Amino acid sequence: MENQKMNTGRETENVFTSKKKKEEAFNCKPTSAFISAAWTALFIGMISYCVGLWNADMWLNEKGYYFTILLFGLFSVVSVQKSVRDKQEGIPVTEIYYGISWFTTIASILLLIIGLWNADMELSEKGFYGMSFVLALFSAVAVQKNTRDIKFLDRKEK
C-alpha cells in the first residue's frame, strides 16, 4: 500500500514536471503557417474589395467613399489591437485614445453598413463588399497581433 502511494506521488511529480517543461517550451510565438495565413487573408480581403470597386458600376465619388471606409476601418482595428495590447503589457494608453479607437472601428463598420444599405446594388454584391471588408479587418488584427507577439518575444529574449 505504501509503495503504491509513493509511486503515485512520483507519477504526479513527473506529470507536473512534464507540464512545466511543456509550458517553458511553449513561448506563444505564432507559427509561420499562422503568420502566412493572416497576411494572405489580409491581402485577399483588401484586393478583392478593391477589385470589386474597380469593376463596380458606380460613380467615382462612391468608389472613393467605399475605398476610404476600407482604409479607415483597417487603421481603426489596428489601433484598437495596439491599444488593447499596450494595456495588457502595462504600456500607458490614455482612455481618450482607447475610446476613439473603438469609436472609429464601430463608425467604419456602421458607415459601410449604411452605405451598402442605401446603395443601388444587387444583394450578392453588397454581401461581397461586406464579407471582404470583414475579412480584411479581422486579418489586419491578426497580422498586428502576430507582429506584436514576435516583437514582444524578441525583447524578452534580449
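Miscellaneous remarks
- Whole-number Å³ per residue for the convex hull built on Cα positions in segment 97-157: 63 Å³
- Rounded FRET efficiency, nearest 0.05, which uses the C-beta distance separating I100 from C28 and R0 of 22 Å: 0.15
- In this calculation the C-beta distance from N118 to F43 is compared with R0 = 30 Å, giving a FRET efficiency of 0.55.
- Chain lengthening between A107 and L60 when straightened (0.36 nm per residue, less Cα-Cα): 14.7 nm
- Stretchable slack from R155 to D86, in nm (0.36 nm times residue separation minus alpha-carbon distance): 23.4 nm
Every read-out reported here was derived from the displayed coordinates using simple, explicitly stated rules and does not represent laboratory data. All values reported here derive from a predicted model rather than from experimental measurement. We place every Cβ from the backbone using ideal geometry, glycine too, and count neighbours over all the protein chains shown.
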